[in-house]
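As structure tokens, the structure follows; a few thoughts come after it.
The values are calculated or read from the model by the stated rules, or taken from the named source; none is laboratory data. For clarity, every value in this text was computed on a predicted model and none was experimentally measured. A quick note on method: Cβ atoms are made from the backbone with ideal geometry, for glycine too, and the neighbour counts reach across all protein chains shown. Heads up: the accessible areas ignore ligands, DNA and RNA and are worked out on the full protein's heavy atoms, side chains in. Shrake-Rupley method; radii C 1.70, N 1.55, O 1.52, S 1.80 Å.
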Amino acid sequence: MKRGVKSENMKIKRKILITISIISLLFVGCSNTNSNQNMKVESKQEQNELNKASLDDIEHDVPYANLDTGEIDIEIINERYNNVDKQKLNYDAIDIEALVEEHNNNPDNMSKIYIAEQPNSDTSYKTILEGYSYISEGNVFNFTYEEAIELAKKVLPDDIEEVDYTLNKELNTEYKYYTSSKGNFRVDLRYANDFSNKDIDEIHKDSIIAISYSKEFK
């Protein structure tokens, strides 16, 4: 296999893996027959290429600072929130299932990916706004509850109305549900501390280390 082809396959595989982790899906049964070969470090040039998002696809662009650790460039995401134009947001979703199927059907990929159900069993909700998501894997964020809600309001439709919330105590995550003229949305707030024995007011006093978004597609 030519080196360029192998590097491109690794770039696609790693991007799929990190994208799936962003939507809080659980990986099960992931196998690798040649881990040493597949752990090659991408060059700085390749990382920079992945970070160059066109303005038309900014919603789905995750600005990685380090592909190996999953670290994202916080300054870029902060800048996007400071300059967001809701009129240009489509709130569409990437077909993760199709990406995984394409990966698994490629004979050049040494590993196979299997996806479990979403932890909150919201099978009709699909990940959106990856380019505006703060993901905890490989990153350090520290938001208050009020700061997280203000960030969500910057990117979700102006007429959103909260209709429900649920708590996933295994993942220390609060799922907030909104309705609007542009559809139904879910905001995932992951907390730094365990909140198994706390009420909602106590939970909201803790630090939030991840913010991500989903939309209902029927």
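Checking each residue in the stretch 184-218 for being open to solvent by less than 30 Å² (accessible area, probe 1.4 Å) and not in a strand (DSSP E or B) picks out F195, I203, D206. Give me a count of the residues in the stretch 35-47 that are surrounded by 11 or more Cβ atoms within 10 Å (Cβ to Cβ) and either part of a helix (DSSP H, G or I) or modelled with pLDDT of 90 or more (or both). So the count comes out to 4. Look at N105 and say whether it is over 21 Å from K215 (Cβ atoms), open to solvent by 50 Å² or more (accessible area, probe 1.4 Å), more than 17 Å from the chain's Cα centre (by Cα) and not basic (K, R). So N105 fits the description; yes.
Please verify whether the stretch 123-140 includes one or more residues that are open to solvent by 20 Å² or more (accessible area, probe 1.4 Å), in a loop (DSSP other than H, G, I, E, B), of a type outside the set (S, T, N, Q) and under 22 Å from N82 (Cβ atoms). Yes, the stretch 123-140 contains a residue that is open to solvent by 20 Å² or more (accessible area, probe 1.4 Å), in a loop (DSSP other than H, G, I, E, B), of a type outside the set (S, T, N, Q) and under 22 Å from N82 (Cβ atoms).
If you filter the stretch 168-183 down to residues that are modelled with pLDDT under 95 and out of contact with any Pro (no Cβ under 9 Å at 6 or more places or on another chain), you find that the one that is least open to solvent (accessible area, probe 1.4 Å) is N172.
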